[in-house]
Amino acid sequence: MRGHLILLFVICVSAACSAQRVKVKFSCDCDDQVGALYATALRDSLAASPRFVETPDESEPKGDGSKDRLYHLVIQVVSVDIENPPGGHQTALSVIFTFAGTVLGQRVQVCGASSVAQCAASTLASFDKVLH
C-alpha cells in the first residue's frame, strides 16, 4: 500500500508541476465486434478527458540520451464475445490498470453493443478511482 501511495504522489506531482494531462498507454485485445466498439469508445473518452491523454508507449526516455525512463500509466483490456454462438451483441471485458509493471487495479465487466460509451466511461471512472 505504501508503494502505491508513493507512486500516486509521484504521478500527481509530475502532472501538477508540468500542468499537462497524464499520459496513458491503452492496449486492447478486442477482436470481437463489441470489444472493437468499446476500444474506440475508450479512446474517444481519453481524447475528451481533461486529465488523461493517450500515448503509444508505456515509457519514454527522461531526456535526450538518457538511459532513465519515464513510465506512463497503462490500461490493458481483453474482450471476449460471451454469446453462444457468438453474435456480436455482448462481450466480457477484463481490464487491468498498471504502472511500471505493477498492477494498480483490475475489473471485469460485461458490455452490450448499445452501451459501449457507458462501459468506456465506467472504465475511465474506475481508473480515476484507482489513482485517487
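State the number of lysine pairs found in the chain whose Cα atoms come within less than 19 Å, restricting to pairs 8 or more positions apart or on distinct chains. List each step's numbers first, then the result.
Details: LYS23/LYS62; LYS23/LYS129; LYS25/LYS62; LYS25/LYS129.
Lysine pairs satisfying the spacing and distance rule in the chain number 4.
With Cβ to Cβ distances under 12 Å as the rule, what net charge do the other residues near CYS111 carry (K, R +1; D, E -1)?
Working: positive: ARG107; negative: ASP32, ASP81.
Here the charged neighbours net out to -1.
Let me have the relative contact order for the chain, percent, based on Cα pairs under 8 Å that are six or more residues apart. Spell out each step's value before the answer.
Working: 220 pairs, mean separation 32.6, N = 132.
About 25 percent, as a whole number.
Read-outs: derived from the displayed coordinates by stated rules, not from any lab. Note that the structure is a prediction, hence the values are computed from the model and not measured. Glycine gets a Cβ as well: all are built from the backbone with ideal geometry, and neighbour counts include every protein chain shown.
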